[in-house]
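Enquirer: Below is a structure I'd like to ask you about.
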Amino acid sequence: DIQMTQSPSSLSASVGDRVSITCQASQDISYYLNWYQQKPGKGPRLLIYDASNLEIGVPSRFSASGSGTEFTFTISSLQPEDIATYYCQQYEDLPITFGQGTRLEMK
Amino acid sequence: QLLLVESGGSVVLPGRSLRLSCVASGFTISNHAMHWVRQAPGKGLEWLAIISYDGGDETYADSVKGRFTISRDNSKNTLYAQLNNVSPDDTATYYCARGYCSRASCYTFDNWGQGTLVTVSS
């Protein structure tokens, strides 16, 4: 199985901060990586697909980049509604696997 | 408005079976592959299964293979999951998700339900 490792596991930031999360794959997954946001009690929401493509309706302060084994997700200016847990997911090979999640909190 | 609503979660005894449903509205599931994903309490996401748009093909994660069956009734715009011989390790919120297809695979989950909680306990 392809292991996805996110860092940090948790992050505390202030409104307006630039926030970045990294996701490392245990093997080359090309660009076959997605990013999701999950708020408490809700199902996840797709934010980024194919490593860097913004899903329709997602604010432009969200962005992502990377390929191969190293990926980065960025919020350019943190807003209160961005408080959530963020997951990366690879789909280069089965089984589909997710990172362990990064919990983003407001400082 | 695109919506997925899961139901069927409950407290179930170990060794028993349960069936989950996911009703879609705002779109036609017959145009999409569909998935089940689960999340144990306080834990991360685990993909379980995919079913092709017409139900002709299914693929499962090893963790549930042989105990989990994904199915669909396109005439009812509904996805199903049957989980047999449950154990406490199956305690989780179960989500259905719509598959977005790229690179000839449909493993991007572009819409999710709110989930239904299954608790396995004696």
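Enquirer: Residue by residue through segment B:47-70, note down the ones that are open to solvent by 30 Å² or more (accessible area, probe 1.4 Å) and farther than 21 Å from A:Gly43 by Cα.
Expert: Within segment B:47-70, B:Tyr53, B:Asp54, B:Gly56, B:Asp57, B:Glu58, B:Thr59, B:Asp62, B:Ser63, B:Lys65, B:Gly66, B:Arg67, B:Thr69 meet the criteria.
Enquirer: State all residues of segment B:83-95 that are exposed (fewer than 14 other Cβ atoms within 10 Å of the Cβ) and closer than 24 Å to A:Thr97 by Cβ; if no residue qualifies, say none.
Expert: Selection gives B:Ser87, B:Pro88, B:Asp89.
Enquirer: Next question. Which residues, counting only those in segment A:82-99, are out of contact with any Asp or Glu (no Cβ under 7 Å at 6 or more places or on another chain), more than 10 Å from chain B (Cβ to nearest Cβ) and surrounded by fewer than 24 Cβ atoms within 10 Å (Cβ to Cβ)?
Expert: Passing the criteria: A:Asp82, A:Ala84.
Enquirer: Follow-up. Among the residues of segment B:96-122, write down those that are open to solvent by less than 10 Å² (accessible area, probe 1.4 Å) and within 13 Å of chain A (Cβ to nearest Cβ).
Expert: Result: B:Cys96, B:Ala97, B:Gly99, B:Thr108, B:Phe109, B:Gly113.
Enquirer: Going through segment B:78-122 one residue at a time, which ones are in a strand (DSSP E or B) and among the small types (Gly, Ala, Ser)?
Expert: B:Ala81, B:Ala92, B:Ala97, B:Gly99, B:Ser102, B:Ser105, listed by residue number.
Enquirer: Across segment B:20-60, what is the number of residues that are farther than 17 Å from B:Tyr107 by Cβ, of a type outside the set (S, T, N, Q) and touching a Phe, Trp or Tyr at 6+ places or on another chain (Cβ under 8 Å)?
Expert: Final tally of qualifying residues: 2.
Enquirer: Identify, please: which residue in segment A:42-67 is assigned to a loop (DSSP other than H, G, I, E, B), without any contact (Cβ under 8 Å) to a residue 24 or more places away in the chain and at the interface with chain B (Cβ under 10 Å from one of its Cβ atoms) and is, among those, farthest from A:Ala84 (Cα to Cα)?
Expert: A:Asp50
Enquirer: Would you confirm whether any residue within segment A:71-82 is under 12 Å from the mean Cα position of the chain (by Cα) and within 21 Å of A:Asp1 (Cβ to Cβ)?
Expert: There is at least one residue in segment A:71-82 that is under 12 Å from the mean Cα position of the chain (by Cα) and within 21 Å of A:Asp1 (Cβ to Cβ).
Enquirer: Okay, next question. Inside segment B:13-62, can you point out the residues that are in a loop (DSSP other than H, G, I, E, B), among the hydrophobic types (A, V, I, L, M, F, W, C) and in contact with a strand residue (DSSP E or B) (Cβ under 7 Å, 6 or more places away or on another chain)?
Expert: Within segment B:13-62, B:Ala33, B:Ala40, B:Ala61 meet the criteria.
Enquirer: Okay, next question. Quick one: how many residues across segment A:27-51 are of a type in the set (S, T, N, Q) and crowded, with 17+ Cβ neighbours inside 10 Å?
Expert: Residues that pass the stated criteria total 3.
Enquirer: A further question on this structure: Could you tell me how many of the residues in segment B:53-88 are more than 10 Å from the chain's Cα centre (by Cα), more than 14 Å from every other protein chain (Cβ to nearest Cβ) and of a type in the set (Gly, Ala, Ser)?
Expert: Number of matching residues: 5.
Enquirer: So, one more: Determine which member of the set A:Ser60, A:Ser77 is open to solvent by 50 Å² or more (accessible area, probe 1.4 Å), among the small types (Gly, Ala, Ser) and over 24 Å from B:His35 (Cβ atoms).
Expert: After applying the criteria, what remains is A:Ser60.
Enquirer: Could you list, in sequence order, all residues of segment A:1-41 that are within 11 Å of another protein chain (Cβ to nearest Cβ) and among the acidic types (Asp, Glu)?
Expert: A:Asp1
The values are calculated or read from the model by the stated rules, or taken from the named source; none is laboratory data. The structure displayed is predicted, hence computed values, not measured ones. Don't worry about glycine lacking a Cβ; one is built from the backbone with ideal geometry, like all the others, and counts go over all protein chains shown. Just so you know, the surface numbers come from the protein's heavy atoms only, side chains and all, with ligands and any DNA or RNA stripped out. Shrake-Rupley method; radii C 1.70, N 1.55, O 1.52, S 1.80 Å.
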